[in-house]
Structure formats: structure tokens, C-alpha cells
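Encoded as C-alpha cells, the structure appears first; notes follow it.
The values are calculated or read from the model by the stated rules, or taken from the named source; none is laboratory data. A quick note: this is a predicted structure, and the numbers were derived from the prediction, not measured. Using ideal geometry, Cβ is built from the backbone for each residue, glycine included, and neighbour counts are taken over all protein chains shown.
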Amino acid sequence: MEMEKSRPDSLKRVKLEENTKEKEKEGEDEKQSIVVIEETGTEDRKLKVARSPKTNPVLVPEIWEHVFRYLSRKEVITVINTCIEWNQLLDSKKTTLLLPDVLPFVLAYFDKPDLLLCRSISKTSKQIVDQTIQSYWISSEETFKVRYEDSDRFPLAVHAVSDSFRFTSKRDVETFIQTLNLQEHLNEDQNLNENHNNETNPFLTRSINILVNTPSSPQEVLYQQFFQSLQLLLTTYGRFIHRLNGVVWDMMNETQGITKMVHYLHQLPNLKILEITADSLAGEEIEVMGLPPLPSLEDLEYLDVSDILAESVATLFTQTYGTQLTTLVCEGSWLKLTSTEELVLKTLFPKLKRLRLEGVCPSTLSKLSNVNWPLEILHFDTFLTEEETATEIDKKMEQLILNAVRNFTQTLTQLEINADLTKLPQPQLADDDNHEEGAEAPLESDVEVMPKLKVLISEVSSMGSTLFWNFILSKCKKIEKIHFHTKHSSFENPMEVAKTAFDKLPNLEKIYFWPGPEEEDGVQRTVLTRATSLSSTPTGNPGVSQCQKS
Amino acid sequence: MALVRVISSDGAAFLVSQRLAKRSGKLKTEIETFRKSSDNSEAQPEIRIVTIRAEILRLVLQWLQQHQNDPVLPANQNEQDGRGDAEMGQSQWDRDFLAPMDLGIVMELILAANHLEVKGLLDITCKLVESKITGRTVDEIRTAFKLKSDFKGNEEEQTRLENRWCVEN
């Protein structure tokens, strides 16, 4: 019966729409802008929309409602969009039915309390929140990204939730077990635990942060108790953990700290992301032969050893897991110092897509120029000077950077160089104080265009470097976006250079200028957009839009 | 003026300028694909959107028309390179636009804005739904979204304990 009643409404609605359309059409000429114009079609088509022939009039609404109960979420959305009658039939249930599909988008706007609140609404919403958080937090791609937008609430919210799973003492572990009522599931008999399959994951982000500290007595006993309690927790629940951030802080015996960390790793068979800090014994070597063997972590794909000062430990981890890694964050000095043979290093990372190097020195770049890694994203985070060879090698620094980049010509999609290249000793090419002269300087003739490089990120002051400018114009022909940091910039006229870039680089869509995080509120981040991106004319000057910090 | 015919899931057709349509990432891609595959450069593209009904499609196009001179925002909040664009502010027109809509329509609009890659519309609709959750009690939210608790056994209590851990630590 309701279906029959709904028909006149539908007809009315369509007529109303038609009237509106006519009015819109009348106003169109006046506006000279285009426009949602009209609902077109023959009378037959309009009639079809109104009567929704896909709805079988024989079945009463109650029957349809019964049929709809057996549909999947995706099918329900199809039903909602099929015709007005079915849409209206599901109207009272629409929010319930659509929430699972809508919630993942809305979560991006939530902070930590909102995320937790959503987990309490229903089992379905809890599952969606947990899945969304976990797929973000244990993604190698997301973990590798450097974020400059503090307006993104979701990453900050997930970070805050992740911080809750920090274990630095026996008391932390005990409170966790007590709060979540896990005591009855913990069993010191590991064999019993292996047969106990019905416990649920207590780690919302599927990640934990742990501190390994082994001070001398009398506190040693306390830390040994912490080790045992965390071991017990991980024996039972370690398989749920996919990301570990471990800090080894041991002024007396770092080997002992690393050994404990390895024991923890043995309880985490499904680890995907591993970040280790071990920098308390600066520069001191650790005898890796004395360490227990590292476990086989088949899912591990992200390794951050940038804060392990002992080269031998960093080498142990990279050599053990190198062939399976897609993402690596390490010290430039590790590449310089590693005892890994050059031939082995060359093919050590056959799957490596993302590499961030912190503290890059000339020797790092020389080694990087000779490896066979399929890098897609290369990030030089900071640069160091090698004292012993400064005079000779630093003169070639820019060239070394470009040589290293050239090694990944066929695969690189994004290049980030966090340095003001004008402050590095420059080859004698041209007056690099004038960007226009730089723009007109002869290009490198032997440079092959990088076919996949779409994104370039650097300090804006690097635009004053002739060599860098030539590199952009000659090698980065396919580039679509350039991001410039401006926090330490003394470069005065980036707009002119930006116009030249739009002119010389046909695929360039946007240039971003990012103020540093220390800038006061109200400073604008500027985005230059090619004006032709929305118009039909083939060429044109760049348009400029400025977005306020939110 | 170049036009494109956009057809909803229930068969209603909208004739839209290509300039306006290209403010939707999805429509822009479809138009460009049509251009590449068509021998006739004057031919009018026809795009069927099988997951969006006429009432919702009309609202999307209406919003696009109002915002046709805004800077284009990317479809995803964070782009591949990890840097997103700032969110657009909500205008009085946007508030008036959303005011008469019930929650079900707003949720349909979110799915449509996501499908058509209209970032600004996705922003304002998501924020509206967020406002129906933030600062409310669980019962108020269940009422607003017509939800029933589907927790079983001690699942709800366990969730409360997990949340408590996150709040207190």
C-alpha cells in the first residue's frame, strides 16, 4: 500500500524538478556561466523516472522489506539508488544501512575522543573504527610519509591512541592486564596459550611502544620483572601486534638491551613495521655474534634503524630482513660504514620502494650510485660534511646527489632533498644568485629524463642553485608537483621562477610553498596552480590561489 | 560551450558544461577518456553514474555550480606525497544548502561526493555528520542514526574497558 501511495509523490517530485530546471535554464543566459542545466529526455524517459518500472507493483512493501534483509551492504546501496519507491521504502533505515560505508570518510575529521566514542555505538561501528585505524597505522606507505598539515585530525588522533600502548615498566603491563581483564587468559605455559584461540586483540592500533632499560643493581631486579611480565603478555597476545617501536636505553650494557629486544621480537611473528632506537652507547660497537638469532618475520616490510648507532646491529637487521623490505629508514653513515660487501649491498634490497637517508655524506652518495634497488621514493633528510675529505669531496656534492638520483632514473616517482643546495659548495657554472640566469644556463646534455618522477620536494632557496635548476628543467620534464619549504628561506622572488617552471615543465600542475612549523598562525601556505588546468585552452599563465591555514 | 550529459542511476539526464563537470575528479577523468577514444572532437560525452540517483546527483551538481570559482581541492585529504591541501571553509551558502537535508540524504551525498571526487563537498558533509556525533552520548548518537546496539555478551563492557585504557594512558 505504501508503494502505491508513494507514486503520486514521485510524480510530484519529478514535476517540481522539471519546474526548477526550467527556471535554472531561464537564468542560465543571464549568468553566462555553465551550469547544471536541465534534466533532459523525451516524455517517455521522464515517465520512466516517475514510475520506476524496475519496481514490481505486485509485491507489497512488506515483501520487499523482507527481500532487502538478505542483501549485502553493497547491494543495499544499489537498491537505494535504483528508484524513488525503493529509496523511500528504505528511508527509515537509511542511516543505519549507510553508516558502515560513510563512517570511514567521517573518521578523517575525528580526534581521539570521537574515535573512542564511535567504538561504543555498535559492534559494527567499532569494527569500522578499528579497521580504519589499523589500516592507517600499520601501512608502510603512511608511516613513511612526512606530514606538514597539522589540520589533518585523523593522523594526530591515531598517533594519540597509539601512544596509549606504551610499556616502560612492570607497572604499565600490570595496569594494562588489570584494566582489560586479561589475567585469566594469561598462562605461563606457552603450549596452553597456543591452543587458546578465542582471545581477542587487546591492542587497538595493533602496535606497541616499549622501552628496554637494564640498569645496574639494585634496580636490575625490577627491570628483569618488567621483562618477564611483558614477555608473558606478548606470548599470549604478541601475534596481534603488527608494529613495534622499541627503544633500547642501556648505559651499562647495550648488548643486553638488544638481546632483550630480540627476545621480544620472537613473540611478534606477524610484525610488519619495526622501528628501533638504540643510541645510548654512541658509536660503540656491539659484538653481534653474542646476540641470539633474529626471528623469521615473514611479514616485515618496513625497517627504521636510523637511530641505531652501532653499525654492526643496523647491519645485522638490514642483512637479515633486506630481501623482504619495501621501506627502509637509515643513517647515511650506515651506508658509508657498513661492513656489507659492495656486491651484496648492490642487491641487498630487491623490493625496496622507499628509502629515507638521514645524515647524508659524500660516501653515502657514492655507494648509492652503484646499487640495484627499485626505489620509487628517495628522501635525503639531512646532509653531513665529512671532515677528513671535506675539501676534495664537498666540491662535488651536488654532482654526487644528481649521480645518485640518476641511478634510479627508471623507477623514481618522488624525490625529496631537504637541503639548501646553494649553501653547498657549487661547481663553477654560473652566477647562482640570480635565478633567471640560472634558468637560462645550458642544460646537462647527457641527462636522461626521469619518466616516472612526478613529485619534487626541496628547500625553496635551492631554486637559486644553477645546477639544481638545470636538473629540474632537464631531468624532471614529467613532474606534476613541486613542494618547496620556505622556513629557512632567504630566496626573494620565487614567483618568477615558478612561472618559468610552469612554462618549461608541461605537466607541472601545482607548486606548493610550505611555511615552517615554527611560523606563527595566520601565515599562509601558498599554492600556485596552472591556470589552464580548468580551462579548455591549451596554454596559459599560472593562476595563483592562496589557502589559509585552518 | 562544450557540454557533457551526466545520467543518474535512475535514468535522469543532466546537461552540464564540461568546465563545471571537470571540477569533479571522476567526471574529469571520464571526459578525458572519452576525448581520447573519440574520433569526433565535437562529440558530446555521455557519462552514466550507476551508483548515484537523480536527487543526489542534482545536489552535487548544484553544489559544484555554486563553487565553480573555488580553487580545486584534491580528492584525497593527503596526496601520494604526504602533503594535502587545507580544507575549505564552510560558507553561509553551504550551511543553507545542507540545512533542510535529513541525515540519510547527507550520507548519500557523502558517498556521492567521494565517488565523484568532489573534495569540498565531502568536507562539509562529513563535518555535518561529525557534528552529529561529537559531544553526544552513545544513546543520543544511536537515536540520531536510528542504530541499535549489536554488541553481544560482554563485548560492550570490553569495549568500554579498552576505551578507558586509551583515555587514561
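Just name the residue that is surrounded by the fewest Cβ atoms within 10 Å (Cβ to Cβ) out of those in segment B:56-82 that are in contact with a Lys or Arg (Cβ under 8 Å, 6 or more places away or on another chain) and at pLDDT 90 or above.
Once the filter is applied, the top-ranked residue is B:His67.
Only one of A:Pro100, A:Pro113 is without any contact (Cβ under 8 Å) to a residue 24 or more places away in the chain, more than 7 Å from chain B (Cβ to nearest Cβ) and surrounded by fewer than 22 Cβ atoms within 10 Å (Cβ to Cβ). Can you tell me which?
One residue alone meets the criteria, A:Pro113.
Could you please let me know if B:Arg142 is at the interface with chain A (Cβ under 7 Å from one of its Cβ atoms) and either in a loop (DSSP other than H, G, I, E, B) or within 24 Å of A:Leu90 (Cβ to Cβ) (or both)?
So B:Arg142 passes the test.
Under the condition of being touching a helix residue (DSSP H, G or I) at 6+ places or on another chain (Cβ under 7 Å) and assigned to a helix (DSSP H, G or I), which residue from segment B:145-164 is modelled with the lowest pLDDT?
Residue satisfying both the conditions and the ranking: B:Glu155.
Which condition number in (1) more than 7 Å from chain A (Cβ to nearest Cβ); (2) touching a Lys or Arg at 6+ places or on another chain (Cβ under 7 Å) is the one that B:Thr159 fails?
That leaves (1) as the condition not met.
Select the helices (runs of 4 or more DSSP H) contained entirely in segment A:300-372, then report the ones holding at least 2 residues which are surrounded by 22 or more Cβ atoms within 10 Å (Cβ to Cβ).
Hits in segment A:300-372: A:311-321, A:332-337, A:362-368.
Do any residues in segment A:164-188 that are hydrophobic (A, V, I, L, M, F, W, C) have Cβ atoms under 7 Å from those of residues that are surrounded by 15 or more Cβ atoms within 10 Å (Cβ to Cβ) and assigned to a loop (DSSP other than H, G, I, E, B), where the two are at least six apart or on different chains, and which pairs are they?
Hits for this filter: A:Phe165/A:Phe203; A:Phe165/A:Thr205; A:Ile177/A:Leu186; A:Leu180/A:Pro202; A:Leu182/A:Pro202.
Being of a type outside the set (A, V, I, L, M) and within 21 Å of the chain's Cα centre (by Cα) is the filter here; which residues of segment A:336-369 pass it? Steps first, answer last, please.
Taking segment A:336-369 first, the residues of a type outside the set (A, V, I, L, M) are A:336, A:338-342, A:346-347, A:349-351, A:353-354, A:356, A:358-359, A:361-364, A:366-367, A:369.
Matches in segment A:336-369: A:Phe349, A:Lys351, A:Lys353, A:Arg354, A:Arg356, A:Glu358.
A quick yes/no check of all residues on (1) free of Cβ contacts under 8 Å to residues at least 60 places away in the same chain; (2) at the interface with another protein chain (Cβ under 8 Å from one of its Cβ atoms):
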| position | (1), (2) |
| --- | --- |
| B:Met107 | yes, yes |
| B:Ala112 | no, no |
| B:Gly120 | yes, no |
| B:Thr125 | yes, no |
| B:Val138 | yes, yes |
| B:Leu147 | yes, yes |
| B:Asn154 | yes, no |
| B:Asn163 | yes, yes |
| B:Asn169 | yes, yes |
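The rows are residues; the columns are (1) within 25 Å of B:His67 (Cα to Cα); (2) at pLDDT 85 or above; (3) of a type in the set (Asp, Glu); (4) part of a helix (DSSP H, G or I).
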position: A:His483; (1), (2), (3), (4): no, yes, no, no
position: A:Lys487; (1), (2), (3), (4): no, no, no, no
position: A:Phe491; (1), (2), (3), (4): no, no, no, no
position: A:Thr532; (1), (2), (3), (4): yes, no, no, yes
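Quick one: is B:Phe14 part of a helix (DSSP H, G or I) and either hydrophobic (A, V, I, L, M, F, W, C) or at positive phi (or both)?
It is false that B:Phe14 is part of a helix (DSSP H, G or I) and either hydrophobic (A, V, I, L, M, F, W, C) or at positive phi (or both).
Let's see how each residue does on (1) at pLDDT 85 or above; (2) assigned to a helix (DSSP H, G or I):
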{"residue": "A:Ser162", "(1), (2)": "yes, yes"}
{"residue": "A:Phe176", "(1), (2)": "yes, yes"}
{"residue": "A:Asn191", "(1), (2)": "no, yes"}
{"residue": "A:Phe203", "(1), (2)": "yes, no"}
{"residue": "A:Ile208", "(1), (2)": "yes, no"}
{"residue": "A:Val212", "(1), (2)": "yes, no"}
{"residue": "A:Ser217", "(1), (2)": "no, no"}
{"residue": "A:Leu222", "(1), (2)": "no, yes"}
{"residue": "A:Gln231", "(1), (2)": "yes, yes"}
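Determine, yes or no, whether B:Leu116 is out of contact with any strand residue (DSSP E or B) (no Cβ under 6 Å at 6 or more places or on another chain), surrounded by 17 or more Cβ atoms within 10 Å (Cβ to Cβ), aliphatic (A, V, I, L, M) and at pLDDT 95 or above. Show your work before the answer.
Details: out of contact with any strand residue (DSSP E or B) (no Cβ under 6 Å at 6 or more places or on another chain): yes; surrounded by 17 or more Cβ atoms within 10 Å (Cβ to Cβ): yes; aliphatic (A, V, I, L, M): yes; at pLDDT 95 or above: yes.
For B:Leu116, the condition - out of contact with any strand residue (DSSP E or B) (no Cβ under 6 Å at 6 or more places or on another chain), surrounded by 17 or more Cβ atoms within 10 Å (Cβ to Cβ), aliphatic (A, V, I, L, M) and at pLDDT 95 or above - is met.
Output yes when any residue across segment B:93-104 is at pLDDT 55 or above, more than 10 Å from chain A (Cβ to nearest Cβ) and farther than 30 Å from A:Lys93 by Cβ, and no when none is.
Checked against the condition, which is being at pLDDT 55 or above, more than 10 Å from chain A (Cβ to nearest Cβ) and farther than 30 Å from A:Lys93 by Cβ, segment B:93-104 yields at least one hit.
Residue check, A:Leu328 against (1) of a type outside the set (D, E, K, R); (2) farther than 24 Å from A:Pro362 by Cβ; (3) free of Cβ contacts under 8 Å to residues at least 40 places away in the same chain, all met but one. Which one?
Every listed condition holds for A:Leu328 apart from (2).
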